[in-house]
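Chemist: Please read through the structure below; I'll follow up with questions.
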Amino acid sequence: MKNAHLHQDSDLWNLIKADSIPAFNEVYSRYWEVLFRMAYKRLPSKEIAEEIVQDTFIILWEKRHSIEVTTLKSYLFAITRYAIFHYHARQETIRTRMQEMAAMTQSAPDIEAIVNARLLLQLVDTIAAELPEKSRLVFADNKLKDHALSESAQSFNISVKTAEGHLTRALKTVRLKLGTLYTTLFM
């Protein structure tokens, strides 16, 4: 699409609704940076801010046929703000569960290992639920169901290398979030 940068947001939105990838790319390049800066101010890490902004554009593309947008910029900011709010709410739930786990282990030391394992599994489950679908499925199949990575790849009809990529991304996210929670609660 020639001179996409000259189009108004409303024109770009109409083109996106008509499945125009160049129009989507223009909106992406026009708003990614400003959405990222807004998200990064309100989130604990660059990676989480990037993921939320990426998700904003995925939502825009996936829902382009089913939503009505009057002001594209406002809609993108609203999606991003909601995702940030949702992220903080999930983090608060995780923090509460961690505190409950700490309280339970202090009050009942004889069942400490069982409670710790169960709450940690719930925590990992909660974090895994936030992962992109394929990463979540490969992670659950490989780490929670203890299937070999090659079996997971075959189950999801993807290459082993692709499964490795999904698993690496999932493990990085889980470790990052568990580490952040640990330092928040115990340091």
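Chemist: Which one, A18, A78, A102, has the greatest fluctuation when you compute a Gaussian network model over the chain with C-alpha springs under 10 angstrom?
Modeler: A18
Chemist: So for segment 1-92, averaging the separation of alpha carbon pairs under 8 Å that are six or more residues apart and normalising by length, what relative contact order in percent results? Could you put the intermediate results ahead of the total?
Modeler: Details: 60 pairs, mean separation 28.8, N = 92.
The value is 31 percent.
Chemist: Given Cα positions, please report Rg to Rh for segment 1-77, the hydrodynamic radius being the Kirkwood one.
Modeler: Values: Rg = 12.6 Å, Rh = 12.8 Å.
Here Rg/Rh amounts to 0.98.
Chemist: Further question on the same structure: Can you give me the pair-distance distribution of the chain, C-alpha pairs, 5 Å bins, whole percents?
Modeler: Going from the shortest bin to the longest, the percentages are 1, 7, 13, 14, 14, 14, 13, 10, 6, 3, 2, 1, 0, 0.
Chemist: Residue by residue, what Karplus-based ³J(HN,Hα) values in Hz, rounded to whole numbers, does segment 119-134 have, using 6.51, -1.76 and 1.60 with θ = phi - 60° and x for Gly and Pro?
Modeler: 5, 5, 4, 4, 5, 4, 4, 4, 5, 5, 5, 7, 6, x, 3, 5
Chemist: With all distinct Cα pairs included, what does the Kirkwood hydrodynamic radius of segment 48-102 come out to in Å, to one decimal, could you say?
Modeler: On the way: mean 1/r = 0.0787 Å⁻¹.
Averaging 1/r across every pair of different Cα atoms and inverting gives 12.7 Å.
Chemist: Among the GluC sites (Glu not before Pro) within segment 61-102, which fall in a DSSP loop and have no more than 13 other Cβ atoms within 10 Å of their own Cβ?
Modeler: Values: sites: E62, E68, E92, E100; in loops: E68.
The qualifying sites are E68.
Chemist: Where does the Debye-calculated log10 I(q)/I(0) of segment 5-45 sit at q = 0.18, 0.22, 0.28, 0.30 Å⁻¹, using only Cα point scatterers of equal weight, no solvent?
Modeler: Each listed q corresponds, in turn, to -0.55, -0.68, -0.86, -0.93.
Chemist: Order of 7-13, 50-56 by packing, highest average Cβ count within 10 Å first?
Modeler: Numbers: 7-13: 16.7, 50-56: 19.7.
Per-residue Cβ counts within 10 Å, averaged per peptide and sorted highest first, yield 50-56, 7-13.
Chemist: List the relative contact order of the chain as a percent without decimals, with contacts defined as Cα pairs under 8 Å and 6+ residues apart. Numbers along the way, then the final one.
Modeler: Working: 127 pairs, mean separation 27.0, N = 187.
Relative CO of the chain lands at 14 percent.
Chemist: Students often get this wrong, so check it: of K134/K177; K41/K161; K143/K177, which have C-alpha atoms separated by over 25 Å? Mind showing how you got there, number by number?
Modeler: On the way: K134/K177 19 Å; K41/K161 35 Å; K143/K177 17 Å.
Over 25 Å apart, Cα to Cα: K41/K161.
Every number in this text was worked out from the coordinates using simple rules, so none of it is lab data. Remember, it's a predicted structure, so these values are computed and weren't measured experimentally. We place every Cβ from the backbone using ideal geometry, glycine too, and count neighbours over all the protein chains shown.
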